[in-house]
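Each remark here refers to the structure printed beneath this line.
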Amino acid sequence: MAVPLFDTVSPVVPLRAEIDAAMARVLDGGVYILGPEVEAFERELASYLGVKHVVGVANGTDAITIALQALGVGPGDEVVVPAFTFYASAEAIPPTGATPVFCDVDPDTMCATAETVRAALTARTRAVIAVDLFGNPAAIDEIAALGLPVVEDAAQAAGAKLGARAAGSLGTLATFSFFPSKNLGCFGDGGAIATDDDALAEAARVLRFHGMPDRGAPLYERIGWNSRLDELQAAILRVLLPQLDAWSDGRRAAAAHYADAGLGELVALPGATPGATPAWHLHVVRHERAGALATALAGAGIGARTYYDVPLHRQAALAPWVAGDLALPVTDELACTHLAIPMSPLLDRAAADEVVAAVRAALAA
């Protein structure tokens with residue numbers, strides 16, 4: 001049987017009537033930007049995360065840029081970011097005027113660590129972006145102990161935990177993407193910033209609305225952004241948020257199905273950060289023949305793909321911020337050996353057996 005890489009449809013089918021009612025509520029109310037649905041979702045997500053503030057924005061990339069600007073990051077500053085992650089984690093830095101500085105990652109968790117971040121620090125470092133990659137929280141506390149503000153990029157990790165704390169509550173600020181394929185995905189673009197800091201939350205609110213501190217008066221105190229989570233997406237997210245824990249359990253069960261089916265005998269399985277309870281956004285395995293394996297699996301009807309074949313420090317658009325031939329050996333190896341295989345909250349043992357059988361056959365061939 002075919003097994004897709006993502007399944008964004010099946011999990012929401014039982015919620016269709018409730019989603020339709022939420023959308024109708026917005027249409028009947030006639031308020032579409034920064035209205036009661038956004039305010040309610042911000043409160044509900046803050047409660048779920050255990051933080052004081054959530055600020056809804058247009059997407060996860062804007063969330064990082066605004067979070068950095070709220071921290072005061074600007075021209076002349078440097079921001080450390082892992083090179084093995086999605087492009088947006090670094091793309092969000094130059095709009096602040098700051099310079100991205102790339103660090104390596106741990107080979108098992110594929111996340112940045114205090115050690116890899118420390119190697120990239122300079123006197124100009126103003127902040128660190130720590131990415132909860134593939135739904136696995138980074139060791140945020142250890143990174144924060146280096147003495148710099150940490151922006152936790154939790155875009156892929158909604159529903160995960162580090163100890164008893166939710167991913168998205170671990171950094172000085174945290175950022176989310178609600179892109180449809182994410183663990184908590186809306187039906188378009190959306191994002192949010194989470195923090196316990198009152199001043200940072202207020203700065204983020206000002207920055208998301210053109211730098212205007214009071215929407216009742218046309219006075220602008222900063223150069224900001226036009227970046228707001230809209231009412232329709234917020235209403236949808238309010239329906240989906242109560243499902244997040246069950247969906248996260250389903251993702252963890254899917255990972256267990258793979259392990260029980262013997263996948264670890266064929267490829268290297270992803271490792272969890274010590275103390276973490278991942279909510280696997282992607283199930284990324286490693287094998288020296290990852291590219292050939294992806295091709296073979298696609299031919300068998302199994303969704304599989306590599307994501308970061310060209311890591312950030314080797315991307316042409318980011319070359320102006322890379323000095324010489326930057327040596328990040330773990331990142332370069334992972335770029336050649338990683339492979340995402342199907343993952344969803346509903347992936348059962350039968351589907352896992354199908355994927356593992358296809359991996360076994362592909363490697364045997």
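The values are calculated or read from the model by the stated rules, or taken from the named source; none is laboratory data. Bear in mind the structure is a predicted one, so any value in this text is a computation, not a measurement. Every residue, glycine as well, gets a Cβ built from its backbone with ideal geometry; the counts of neighbours run over all protein chains shown.
With respect to (1) at pLDDT 95 or above; (2) more than 24 Å from Asp132 (Cα to Cα); (3) surrounded by fewer than 18 Cβ atoms within 10 Å (Cβ to Cβ), the lone exception for Pro274 is condition (2).
Restricted to segment 277-309, and to residues there that are free of Cβ contacts under 8 Å to residues at least 40 places away in the same chain and in a loop (DSSP other than H, G, I, E, B), the residue that is surrounded by the most Cβ atoms within 10 Å (Cβ to Cβ) is Thr306. So, of the residues in segment 227-272 that are part of a loop (DSSP other than H, G, I, E, B) and not aliphatic (A, V, I, L, M), which turns out to be nearest to Arg16 (Cα to Cα)? Here the residue is Arg228. Once segment 1-41 is narrowed to residues that are at pLDDT 95 or above and acidic (Asp, Glu), the residue that is farthest from Ala298 (Cα to Cα) is Asp28. For Leu170, the conditions (1) touching a helix residue (DSSP H, G or I) at 6+ places or on another chain (Cβ under 9 Å); (2) of a type outside the set (Val, Ile, Thr); (3) in contact (Cβ under 8 Å) with a residue 60 or more places away in the chain all hold with the exception of (3).
Collect the residues in segment 1-28 that are more than 30 Å from Leu347 (Cβ to Cβ) and either without any contact (Cβ under 8 Å) to a residue 12 or more places away in the chain or basic (Lys, Arg) (or both), keeping them in residue-number order.
Across segment 1-28, the qualifying residues are Ala24, Arg25, Leu27, Asp28.
Among the candidates Ala130, Ala123, Ala112, the residue that is part of a loop (DSSP other than H, G, I, E, B) and buried (at least 24 other Cβ atoms within 10 Å of the Cβ) is uniquely Ala112. Ala160: farther than 22 Å from Ala70 by Cα and in contact with a helix residue (DSSP H, G or I) (Cβ under 6 Å, 6 or more places away or on another chain), yes or no? Yes; evaluated as a whole, the condition is true for this residue.
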